[in-house]
Amino acid sequence: MALVNMKKLLHDAKQGEYAVGAFNMANMETVMGAIKAAEDLNSPIILQIAEARLNYSPIELIGPIMIEAAKNSRVDVAVNFDHGLTLENIKKALDLGFTSVMIDGSKLPLEENIDLTKKVIEEAKRNGASVEAEVGRVGGSEDGSENINIAYTELEDARKFVDDTDVNFLAVAIGNAHGVYSGEPNLNFEVLKNISKEIEKPLVLHGGTGISEEDFRKSVKYGISKINIATSTFNSVSDSVKETYNNNNNINYFDISSAQAVGAYNNVYKHIKVFQSENKC
Ligand code: 13P
């Protein structure tokens, strides 16, 4: 098993009616924990980093860590650049060997989102990487710095976007939001069903933190093939470090390092079970 293209993972997921988890990473420890969970469950997995997080985890460092971990893994691993905002960083990710990139033009008018996505698709062709884009607007923001309002994906827009760009994967907005939801998430499965009936490309659900197991299962049933999880992994890592600290009077750096990997492992393991990608490698 190895570093693979996300196209292979998501087409298999669509056929097999399960979803592959895409987990946002921060450092070597989170990568180690995530890969171990996928290996223990014999599940494909996607590792990713969002452009908004590069101040904490520079792409030149976290990129090779994720890619080498993928190459050395016993399961299939795709490495994705999440919420790419600038062509400059997207090119860097492609040059480093990421097997897919997301271009987030969701704040732009549809035509501009289409034009930008086409440019990214041209770039990605150079090394055979696949491309994800977003139509409609997922709420919140991936680093919590903005409170973006949700705008459902319109079927007409999704159809036009896919016809014009032939993008590989489409992230949809069905009431989902990044970060911690202020109330109960309220996903509109009718919107999802209508899109998945018409659009053949694998669909992506962002904003996984806070969504119930039941709603994850329904999302998969109605056509989602990739689910993004970030905040709950980072919270699980912090909780694991706090617990280790509270339970140990002689804590040293390596206890903290291991606790981070355990925190990532726990959250990734739990979600792989719910997404039903266990034993799909
Ligand atoms: P959460 O932080 O809500 O899990 O969202 C993750 C995400 O969608 C990253 O693109």
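I need the full set of residues from the range 56-76 which are under 19 Å from Asp95 (Cα atoms) and either within 16 Å of the ligand (Cβ to nearest atom) or of a type in the set (A, V, I, L, M) (or both), in order please.
Within the range 56-76, the first condition is being under 19 Å from Asp95 (Cα atoms), and the residues that meet it are 57-71.
Selection gives Ser57, Ile59, Leu61, Ile62, Ile65, Met66, Ile67, Ala69, Ala70.
Is it true that some residue in the range 169-177 is of a type in the set (Phe, Trp, Tyr) and under 23 Å from Val101 (Cβ atoms)? So far as the range 169-177 goes, yes, one or more of its residues are of a type in the set (Phe, Trp, Tyr) and under 23 Å from Val101 (Cβ atoms).
For the range 235-255, a tally of residues being within 15 Å of the ligand (Cβ to nearest atom) and either touching a strand residue (DSSP E or B) at 6+ places or on another chain (Cβ under 8 Å) or of a type in the set (Ser, Thr, Tyr) (or both) returns 2. Run Ala19 past the list (1) more than 15 Å from the ligand (Cβ to nearest atom); (2) buried (at least 24 other Cβ atoms within 10 Å of the Cβ); (3) over 21 Å from Lys125 (Cα atoms) and report the number of the one that doesn't hold. Single failed check for Ala19: (1).
Screening Glu132 with (1) away from the ligand (no atom under 13 Å from the Cβ); (2) in contact with a strand residue (DSSP E or B) (Cβ under 6 Å, 6 or more places away or on another chain); (3) of a type in the set (Asp, Glu) gives one miss only, at (1).
Table: residues versus (1) buried (at least 17 other Cβ atoms within 10 Å of the Cβ); (2) part of a strand (DSSP E or B); (3) out of contact with any His (no Cβ under 7 Å at 6 or more places or on another chain).
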site	(1), (2), (3)
Gly128	no, no, yes
Glu132	yes, yes, yes
Asp143	yes, no, yes
Asn147	no, no, yes
Thr153	yes, no, yes
Glu156	no, no, yes
Lys160	no, no, yes
Asp163	no, no, yes
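Summed over the range 61-85, the residues that are in contact (Cβ under 8 Å) with a residue 12 or more places away in the chain and outside any helix (DSSP H, G or I) give a count of 13.
Determine, yes or no, whether Asn89 is in contact with a strand residue (DSSP E or B) (Cβ under 8 Å, 6 or more places away or on another chain), over 25 Å from Asn176 (Cα atoms) and among the polar types (S, T, N, Q). Yes, satisfied. Please specify each residue of the range 184-234 satisfying the condition of being assigned to a strand (DSSP E or B) and within 13 Å of the ligand (Cβ to nearest atom). Of everything in the range 184-234, those that are assigned to a strand (DSSP E or B) and within 13 Å of the ligand (Cβ to nearest atom) turn out to be Val204, Leu205, Ile224, Lys226, Ile227, Asn228, Ile229.
One line per residue, one yes/no per condition, for (1) closer than 22 Å to Ala50 by Cα; (2) at pLDDT 95 or above; (3) acidic (Asp, Glu):
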position: Phe169; (1), (2), (3): yes, yes, no
position: Gly175; (1), (2), (3): yes, no, no
position: Gly179; (1), (2), (3): yes, no, no
position: Ile195; (1), (2), (3): no, yes, no
position: Thr244; (1), (2), (3): no, yes, no
position: Asn248; (1), (2), (3): no, no, no
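Conditions tested, residue by residue: (1) modelled with pLDDT under 95; (2) within 17 Å of Met28 (Cβ to Cβ); (3) small (Gly, Ala, Ser).
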residue	(1), (2), (3)
Ser57	no, yes, yes
Pro64	no, yes, no
Ala70	no, yes, yes
Asp76	no, no, no
Leu94	no, no, no
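Would you point out the residue of the range 86-100, among those that are in contact (Cβ under 8 Å) with a residue 60 or more places away in the chain and part of a loop (DSSP other than H, G, I, E, B), that is farthest from Thr231 (Cα to Cα)?
Top of the filtered list is Gly97.
To keep it simple, each residue is scored yes or no on (1) among the charged types (D, E, K, R); (2) crowded, with 22+ Cβ neighbours inside 10 Å.
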residue	(1), (2)
Asn194	no, no
Arg217	yes, no
Tyr245	no, no
Ala264	no, yes
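Report yes if some residue within the range 26-38 is under 17 Å from the mean Cα position of the chain (by Cα), assigned to a loop (DSSP other than H, G, I, E, B), within 16 Å of the ligand (Cβ to nearest atom) and in contact (Cβ under 8 Å) with a residue 60 or more places away in the chain; otherwise report no. Taking every residue of the range 26-38 in turn, at least one turns out to be under 17 Å from the mean Cα position of the chain (by Cα), assigned to a loop (DSSP other than H, G, I, E, B), within 16 Å of the ligand (Cβ to nearest atom) and in contact (Cβ under 8 Å) with a residue 60 or more places away in the chain. Count of the range 94-123 residues, restricted to those that are buried (at least 18 other Cβ atoms within 10 Å of the Cβ), within 16 Å of the ligand (Cβ to nearest atom) and within 16 Å of Val138 (Cβ to Cβ), is 5.
The values are calculated or read from the model by the stated rules, or taken from the named source; none is laboratory data. None of the values given here were measured: they were computed from a predicted structure. Every residue, glycine among them, receives a Cβ derived from its backbone with ideal geometry; neighbour counts consider all protein chains shown.
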